[in-house]
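Just below is one structure, and these are the notes that go with it.
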């Protein structure tokens with residue numbers, strides 16, 4: 001039985017949880033490792049992450065500001081474009097109306113000139129007709145006088 005007790009005591013040593021001097025040393029090593037990692041690794045990495053987050057936030061704010069500015073510029077240019085299109089449309093309409101009035105004026109003048117030319121031509125033709133009729137009358141008188149002379153044989157006065 002003594003042997004059993006001895007075996008059971010010796011088996012208990014070196015188990016999963018031995019409460020001897022290595023446990024506090026392991027705890028101290030863990031705490032020391034945690035402190036060293038905090039100052040050497042976690043704080044610089046945290047600082048870099050905070051700087052990066054601040055940089056990203058600043059860029060997002062700048063991008064939002066630029067996007068709002070771009071939207072305002074787009075609206076402004078769109079309004080200017082609409083105004084320019086309206087002005088261009090008005091100018092084209094005005095030019096078309098002016099062209100129509102000029103064409104109508106030219107047509108009216110051409111019709112008036114044509115009517116004047118026709119009247120003048122008619123008057124000239126009437127004058128030539130009168131002259132031709134007078135010549136014809138004198139020729140008819142001369143021919144009838146000649147016919148009378150030939151038929152009667154003497155000069156008729």
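The values are calculated or read from the model by the stated rules, or taken from the named source; none is laboratory data. All figures in this text were calculated on a predicted structure; none of them were measured in a lab.
Exactly one residue out of 48, 40, 7 is in a helix (DSSP H, G or I) and at pLDDT 90 or above, and it is 48. All told, residue 55 falls short of being at negative phi and modelled with pLDDT under 85.
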